[in-house]
1. Could you list, in sequence order, all residues of the range 112-126 that are more than 16 Å from the ligand (Cβ to nearest atom) and surrounded by 22 or more Cβ atoms within 10 Å (Cβ to Cβ)?
2. Can you name the residue in the range 198-223 that is without any contact (Cβ under 8 Å) to a residue 12 or more places away in the chain and under 29 Å from the mean Cα position of the chain (by Cα) and is also surrounded by the most Cβ atoms within 10 Å (Cβ to Cβ) among such residues?
3. Look through GLY265, GLY290 and report the one residue that is of a type outside the set (Asp, Glu), surrounded by 24 or more Cβ atoms within 10 Å (Cβ to Cβ) and more than 13 Å from the ligand (Cβ to nearest atom).
4. Between residues in the range 58-81 that are basic (Lys, Arg) and residues that are at pLDDT 95 or above, which pairs lie under 6 Å by C-beta distance while being six or more apart or on different chains?
5. Could you give every pair whose Cβ atoms fall below 9 Å, whose first residue belongs to the range 365-382 and is free of Cβ contacts under 8 Å to residues at least 40 places away in the same chain and charged (D, E, K, R), and whose second residue is part of a loop (DSSP other than H, G, I, E, B) and surrounded by fewer than 21 Cβ atoms within 10 Å (Cβ to Cβ), counting only separations of at least 6 or pairs across chains?
6. Kindly provide the set of residues from the range 163-202 that are under 17 Å from VAL127 (Cβ atoms) and aliphatic (A, V, I, L, M), ordered by number.
7. Among the residues of the range 153-184, write down those that are of a type in the set (D, E, K, R) and within 16 Å of the ligand (Cβ to nearest atom).
8. For GLU50, work out the one condition from (1) under 20 Å from ALA286 (Cβ atoms); (2) part of a strand (DSSP E or B); (3) not hydroxyl-bearing (Ser, Thr, Tyr) it doesn't fulfil.
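The values are calculated or read from the model by the stated rules, or taken from the named source; none is laboratory data. This one's a predicted model, so the numbers in the text were calculated from it and none came from an experiment. Using ideal geometry, Cβ is built from the backbone for each residue, glycine included, and neighbour counts are taken over all protein chains shown.
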Amino acid sequence: MSEVKLPEIKTPLPGPRARKILERDQAILSTSYVRPYPFVPAKGEGVWLEDVDGNRFLDLMAGIAVNTTGYNHPRVVKAVSEQAARFQHLCFSDFSSEPQVSLAERLNRLAGGGFRVYFGNSGTEAVEAAIKVVRYHTHRPYILAFTGAFHGRTLGSLALTSSNSKYRKGFAPLLPGVVHVPYPHPYRPPFGAKPEDAGKVVLDYIEHLFKTKLPPEEVGAIFFEPVQGEGGYIVPPAGFFGKLSELARRYGILMVADEVQSGSGRTGRFLASEYENLNPDIVLLAKGMGTGYPISAVLFKEELSSWPPGAHGTTFGGNPVAAAAAMATLDLLEEGLMENAARVGQRLMDGLRSLQTDFPRLGDVRGRGLMIGLDFVKDPETREEDAELRDRVGEAAFQKGLLTLPAGPSTLRLSPPLILSEAEADLAVGLIEEVLKGL
Ligand code: PLP
């Protein structure tokens, strides 16, 4: 299918086979599952996905920023098959083995060195483990996080998540001691500030909190997304997190970079934190790291590693097959995929920005590498969020054979596999232009 140049929609969507599966899905699966549109995959190749009715889609969402190397990269398939043929599990919390040790060494090198590594299965588990590292090491009761943040949905990480109250509704009380401050959104700055002051007003607010309400000596960590994901693919102002890190260090507060979505090469560098030369105390990875296999990693600085054997662990975390998938993914990232994400991402972003002249209600196009958000507004002057328009664009894109996902109040997010080619990026721009013209 890699020679195929265009999406192909042969049936009304959903097609008859997809419809049947979705009916069964509705009858048996947890009602908590979201189905933003009725896509049921059958197989994938590269950045293309075919549904069970034979409709072909260009994938610009990668299973929410996961399938770094596409759907069936031969190097990943080989690594996984070979490891599966050797052994598939032995509980890494109890027994060491080579694939995971190599992976930990590699992650430490890629993240700049000086870390120890803990493996989990998912992003939220990485966040939970990081909360425990912070608690164990600092004995401090408070954590700072940002509004709009998404850190997961287990009860600890959920206390940090604040992108949408639907995630919290019905689950209180959550982990106590979490204080949220606004994310410095340059397009919609907090406190009515000018865009150029978006970072400053947040820093001032944090200092104000430290003086009036939140003793900084009792704050263990600041959890942050270097590019906010679920909140709307928001790139913070240059220098913001550097200044915040300085403030944090003054009080012995740990900086925890949640790179679950922005890491693993998605922004064109291994970590999005690298754009600001941040040196976080703890780095969290999941999603794209295993190109679809469930694996996450907590990288925490050597000096934070004071907890004893048994203080934390899990049966499946660091599964060797998932570790093999991650090693193959990291090989490919270092062999050119990160560079591809930077180059093709810039081309995609430039193409999308060129659409704004004719479609001013595409108010903002922002991002880094292949983490790109399209923010739809009711009026480009007021920048009022237009969730309905965003949803109509997403639905119309789906009908044309383009898979995207919503993020935040009014953003459509594009997070394709990092193997996206320039021609595929141009195709995506053309299709989005057609969608916008058709509305
Ligand atoms: N952290 C960030 C930044 C995320 O984007 C996500 C998921 O979207 C998570 C944590 C939670 O990851 P998971 O869904 O694997 O639990």
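1. Within the range 112-126, the subset more than 16 Å from the ligand (Cβ to nearest atom) is 112-117.
Across the range 112-126, the qualifying residue is only PHE115.
2. LYS200
3. So the residue among GLY265, GLY290 that is of a type outside the set (Asp, Glu), surrounded by 24 or more Cβ atoms within 10 Å (Cβ to Cβ) and more than 13 Å from the ligand (Cβ to nearest atom) is GLY265.
4. From residues that are basic (Lys, Arg), the pairs are ARG75/ALA328.
5. LYS378/ARG361; LYS378/GLU384; LYS378/ASP386; ASP379/PRO360; ASP379/ARG361; ASP379/ASP386
6. LEU174, LEU175, VAL178, VAL179
7. Within the range 153-184, the subset of a type in the set (D, E, K, R) is 153, 166, 168-169.
Hits for the range 153-184 are ARG153, LYS166, ARG168.
8. With (1) under 20 Å from ALA286 (Cβ atoms); (2) part of a strand (DSSP E or B); (3) not hydroxyl-bearing (Ser, Thr, Tyr) applied to GLU50, the lone miss is (1).
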